[in-house]
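Read-outs: derived from the displayed coordinates by stated rules, not from any lab. Quick caveat, the model's predicted, so the values are computed rather than measured. Cβ sites come from the backbone with ideal geometry, for glycine too, and all protein chains shown count toward neighbours.
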Amino acid sequence: MAANWYRKNLGGALMVEPNIASLKEQCQSLGGPFVAYYRHESLSGLHCDFIVYFPPESSTLAMLVKAKVCDAPDQHDLSRLI
C-alpha cells in the first residue's frame, strides 16, 4: 500500500503570509527535517488559494496542521515551501 500524501489549503494567495509563517514555526518546533510543496490553485471563483502538499515522510507535520489525506499531486507547477 502506498503511503499517503496530505494537502492543506492555507487560504487566499493574497493573505497567506501569516499562515506560511505559522506553518514554518510548527515545522521548527517539531525539530525534524520536513518537506512541503505548494501551488496556487483556483478551486472556485476568481481568486487562487495557496495549497500546501506534504509527502508521506512529512506526515507528522501534516497531521499537526490538520492537513487532509489526498492523492499524490501532479508535480507540474509545484514549488518547495519547506
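Which value in deg cm²/dmol, rounded to the nearest 500, describes the helix-derived mean residue ellipticity at 222 nm for the chain, given -39,500 (n - 2.57) per DSSP H run of n ≥ 4 and division by the residue count?
Numbers: 2 runs with 20 residues, N = 82.
Rounded to the nearest 500, it is -7000 deg cm²/dmol.
Subtracting the Cα-Cα distance of residue 63 and residue 24 from 0.36 nm times their residue separation leaves 12.6 nm of extension gain.
Shape class of the chain from the alpha-carbon gyration tensor: oblate, with a/c at 1.5 or above and b/c at least as large as a/b. Relative to the Cα centre, the charge distribution of the chain, modelled as +1 at Lys and Arg Cβ and -1 at Asp and Glu Cβ, gives a dipole magnitude of about 180 debye.
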